[in-house]
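Some notes on the structure that comes next.
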Amino acid sequence: MERAAKKDAVEALNGLFKTTSVAVVSPTIPASRGQMQKLRMQMKQAGASVKVSKNRLAKIALEGTDFVAIGSLFEGPTVIATSNDPVAAPKVAIEFAKTNEQFVILGGSMGKTVLDVNGVKALPRCRRSMSCAARSRPPVAPATKIAQLSTAPAAKLARVVQAYASKSEAA
């Protein structure tokens, strides 16, 4: 890859990280081209996107973004799934990993909150909790249940979910 192409790739990734709300990282690329195309199609249908990047370029692109803390997840060629909807990319990545053994989720980030594998898997469940929280009084109950069932990173996630629920309730 030429220097100018690398610079363009870093700028594009940096712009993506600055405008997205969630990122999911996988160190492995699906074995066949058909599987990668399937993943791209599923992500696009869900309103998410997927990029393959060299870890060094991705780490450089993370600088100056809320996602800088996930730099340690990048080892070798990396698949990065992103979406503005905090559930879209994680949900598709989880479903894809169930049917493709080579695709392994390492973790991700929702803004500045770093998520381990369990945190990423909890995001789709949080959508249901967010909708329950918006309808129930007090709205803390579903987020608290998620925190009790999971480990410490999920407790942080529950606080983020609670903030989103309170924000949507105020609107």
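The values are calculated or read from the model by the stated rules, or taken from the named source; none is laboratory data. This one's a predicted model, so the numbers in the text were calculated from it and none came from an experiment. Neighbour counts are summed over all protein chains in view; Cβ atoms, including those assigned to glycine, are modelled from backbone coordinates with ideal geometry. In case anyone asks, the SASA skips ligands and DNA or RNA and just uses the protein heavy atoms, side chains included. Shrake-Rupley method; radii C 1.70, N 1.55, O 1.52, S 1.80 Å.
When Ala48, Ala23 are screened for being open to solvent by less than 40 Å² (accessible area, probe 1.4 Å), closer than 17 Å to Val114 by Cβ and modelled with pLDDT of 90 or more, only Ala23 passes.
Residues of region 58-77 being assigned to a loop (DSSP other than H, G, I, E, B) and open to solvent by 60 Å² or more (accessible area, probe 1.4 Å), which ones? Scanning region 58-77 gives Glu63, Gly64, Asp66, Glu75, Pro77. Within region 58-73, being in contact (Cβ under 8 Å) with a residue 40 or more places away in the chain and farther than 13 Å from Gly15 by Cα holds for Ala69, Ile70, Leu73. Considering (1) among the charged types (D, E, K, R); (2) open to solvent by less than 90 Å² (accessible area, probe 1.4 Å); (3) assigned to a loop (DSSP other than H, G, I, E, B), the lone condition that Lys6 does not fulfil carries the number (3). In this structure, is Gly111 under 11 Å from the mean Cα position of the chain (by Cα) and at pLDDT 85 or above? The answer is no for Gly111.
Among the residues of region 118-127, write down those that are open to solvent by less than 50 Å² (accessible area, probe 1.4 Å) and at pLDDT below 80. Result: Cys126, single match.
Among the residues of region 26-45, those identified as open to solvent by 40 Å² or more (accessible area, probe 1.4 Å) and among the small types (Gly, Ala, Ser) are Ala31, Ser32, Gly34.
Could you tell me whether Met130 is at pLDDT 50 or above, open to solvent by less than 60 Å² (accessible area, probe 1.4 Å) and not hydroxyl-bearing (Ser, Thr, Tyr)?
Answer is no for this residue.
If you filter region 78-117 down to residues that are charged (D, E, K, R) and not in a loop (DSSP other than H, G, I, E, B), you find that the one that is surrounded by the most Cβ atoms within 10 Å (Cβ to Cβ) is Lys91.
To keep it simple, each residue is scored yes or no on (1) of a type outside the set (Val, Ile, Thr); (2) out of contact with any helix residue (DSSP H, G or I) (no Cβ under 7 Å at 6 or more places or on another chain); (3) at negative phi.
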position: Val22; (1), (2), (3): no, no, yes
position: Thr28; (1), (2), (3): no, yes, yes
position: Leu39; (1), (2), (3): yes, no, yes
position: Lys44; (1), (2), (3): yes, yes, yes
position: Leu57; (1), (2), (3): yes, no, yes
position: Gly71; (1), (2), (3): yes, no, yes
position: Gly76; (1), (2), (3): yes, no, no
